[in-house]
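Inspection log for the structure reproduced underneath, given as structure tokens.
Rule-based calculations on the coordinates, nothing more; no lab input. Just so we're clear, the structure is a prediction, and the values are computed from it rather than from any experiment. Methodologically, a virtual Cβ is constructed for each residue, glycine included, from the backbone with ideal geometry; neighbour enumeration extends over all protein chains shown.
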Amino acid sequence: MKNSGGFTLVEVTLALGVAGFCLLAIFGLIPVGINLNKTSIEQAAAMNLSAALIADAQTTPTGQTASVRYGIPLPTSASPVQRKQMVIYFSDSGEPVASAAAARYLGVVSLTGPELNRSEPTALHILITWPAQSNAGLSTAPTTNATDIRANLKNFTGTAETIAALNQN
């Protein structure tokens, strides 16, 4: 018999088995990659919202009690130590909306102002969560009470947190 130099049936079957096993492993990783991509998109959008909130607070002229675009209440050095908080709902495009029904993201902005007649920076703490509908009962009115709104948040899929210092004095 003459050897024609081709592959035997056993070699072909073994090669197909190895290729099938590798493809199965790759196909099993596709959902993991899709979930990681979705999470990174949400986190990037949340960080962009945080950056917009910080920029709004930083560009507010000295002496104003609220930021221009988002209406973030800013403490002043002429009052005792203040802690102000507010909730802002954001759409998918990052625009503020009036209720959680039309929102994708929920932003909680907490500010702690300087002591009376001191020119210390104001601490700005921003927490962005999604989806906003999981915490639909929160009021968007600024509050100065001691209860931390962040402690009442529940059932969210993801969060992004940012801390900044504002020197508005």
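Observations
- Taking trypsin sites (Lys or Arg not before Pro) across segment 62-133, the ones in a DSSP loop with at most 14 further Cβ atoms lying within 10 angstrom of their Cβ are ARG69, ARG118.
- Rounded to the nearest 20, the size of the Cβ-charge dipole of the chain about its Cα centre is 140 debye, with Lys and Arg at +1 and Asp and Glu at -1.
- Cα-based helix-to-principal-axis angle, 9-58 vs the chain, degrees rounded to 10: 10 degrees
- Gyration tensor verdict on segment 20-137 (Cα atoms; rounded if a/c is under 1.5, prolate if a/b is larger than b/c, oblate otherwise): prolate
- Estimated [θ] at 222 nm from DSSP helical runs (n ≥ 4, -39500 (n - 2.57)) normalised by residues in the chain, nearest 500: -11000 deg cm²/dmol
- Our estimate of slack between GLN58 and LYS154, defined as 0.36 nm per intervening residue step minus the Cα-Cα distance, is 31.6 nm.
- Orientation-averaged projected area, Cα convex hull of segment 1-61 (nm²): 6.6 nm²
- Near GLU120, the amide H atoms lying under 5 Å from its own belong to GLU115; only residues 5 or more places off or on other chains count, and H is placed 1.01 Å from N.
- Relative contact order of segment 1-112: 15 percent, from C-alpha pairs under 8 Å at least 6 residues apart in sequence.
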